[in-house]
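Report on the following structure.
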Amino acid sequence: MAALGIWALAARGGSSRPVLAVGSQRGGTKALMLASGALDGAPYRVEWSEFPAAQNLLEAIGAGAVDLGMASDAPFQFAYQNGQPIKAVAALSARPRPHGSLAVLVPRGSPLRRAADLRGKRIATGQGSIGHYTLLRVLEANGLKPDDVKIVFLSPSDAKAAFDSGAVDAWSTWQPYVPTALATGARILADGADYFDSYAFDIASDRAVQDKPALLADFLRREADAYLWAKTHPRDYAKVLSRETGLPEPIALYFIEHQAMVRVPIDATLQAGQKDVVAHFRSAGALRGNRPLEQAYHPLLAGAASKAP
């Protein structure tokens with residue numbers, strides 16, 4: 001039925017195929033879909049846009065410049081609560097979360113040896129990012145409050161520059177920035193996998209949910225298949241990921257081996273866990289809004305989780 005809906009759209013628009021605008025973070029959806037060939041034969045055209053971080057991607061979705069993109073649950077909830085007209089339409093999980101995918105890093109030679117040593121230190125991360133959330137969880141678990149450190153909100157490229165120059169003492173970040181920093185001598189001070197599990201969401205603009213549900217649903221099914229393909233073809237995936245991002249192949253392979261995601265339903269259990277994400281941002285004074293969480297989701301594949309082969 002979804003395919004028939006897509007072809008109906010194409011017929012109304014003449015001979016040209018309908019278009020789905022998809023955003024991808026560095027090393028994200030685009031490389032996966034190209035490597036797997038999951039879009040082969042799709043009855044629509046994908047227009048790709050690439051972004052350095054989830055915040056930029058979510059702003060583009062909220063503005064209607066992009067129909068769909070993937071981000072971790074923390075930046076999604078941050079953007080949703082702060083008023084972006086977006087919905088989570090599908091979910092993926094890496095449980096347990098692989099070690100080395102989220103981390104608070106310190107430079108080579110840093111005297112910091114445990115998370116409690118972060119007191120009074122300058123820590124770079126992106127505001128509302130999964131790195132920001134990771135830092136909040138690490139601080140809480142080690143008896144620290146956000147005010148006990150100096151959080152410096154920077155883009156990934158600026159955070160890397162500050163980290164490399166010694167302008168900050170630590171950097172709370174995510175893939176592919178973790179393995180890139182490790183390759184140049186950085187050290188993991190706190191690993192996010194030791195503190196929490198999290199989800200990733202496919203996120204669509206409210207307008208795309210209304211206007212392009214058939215295209216979105218078809219893309220999501222293909223994306224779920226692509227993640228299953230990636231589990232059994234890591235080296236093939238790494239070659240394309242390296243080409244698309246400029247990452248050396250060993251780092252690209254590290255990225256892939258530390259992101260084993262599978263589709264899961266947006267069910268009551270998942271939604272209940274998301275309240276904790278919002279609570280941590282709210283307790284840190286990072287959120288303005290108080291939107292109803294139950295309205296954050298519009299699962300286009302409700303109850304349909306991909307099964308591992």
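Every number here is computed from the coordinates shown, using simple stated rules; none is lab data. Treat the numbers as computed from the prediction; the structure is a model and nothing was measured. Backbone-built Cβ (ideal geometry, glycine too); neighbour counts: all protein chains shown.
Things worth noting here:
- Residue of F201, F255, F153 that the Gaussian network model of the chain assigns the largest fluctuation, springs spanning Cα pairs under 10 Å: F153
- Prolate/oblate/rounded call for the stretch 102-194, Cα gyration tensor, a/c under 1.5 rounded: rounded
- Computed over the chain, the ratio Rg/Rh where both radii use C-alpha atoms and Rh is Kirkwood: 0.97
- For the chain, DSSP calls about 60 percent of its internal beta bridges antiparallel.
- Across the chain, C-alpha contacts under 8 Å between residues 6 or more apart give a mean separation that, scaled by the residue count, equals a relative contact order of 28 percent.
- Under a model in which nothing but the beta-carbon of Lys, Arg (+1) and Asp, Glu (-1) is charged, the chain shows a dipole of about 200 debye around its Cα centre.
- The stretch 104-229 - percent relative contact order, Cα under 8 Å, separation 6 or more: 35
- Helices in the chain that qualify as membrane-span-like (whole DSSP H runs, Cα extent of at least 20 Å along the helix axis, mean Kyte-Doolittle hydropathy of 1.0 or higher) do not occur.
- Across the stretch 11-124, the mean sequence separation of Cα contacts (distance under 8 Å, 6 or more residues apart), normalised by length, yields a relative contact order of 23 percent.
- Cα-Cα over 25 Å, subset of K87/K145; K30/K231; K145/K275; K160/K231; K30/K150; K87/K231: K87/K145; K160/K231; K30/K150; K87/K231
- Fraction of beta bridges assigned by DSSP in the stretch 102-194 that are antiparallel (%, nearest 5): 55
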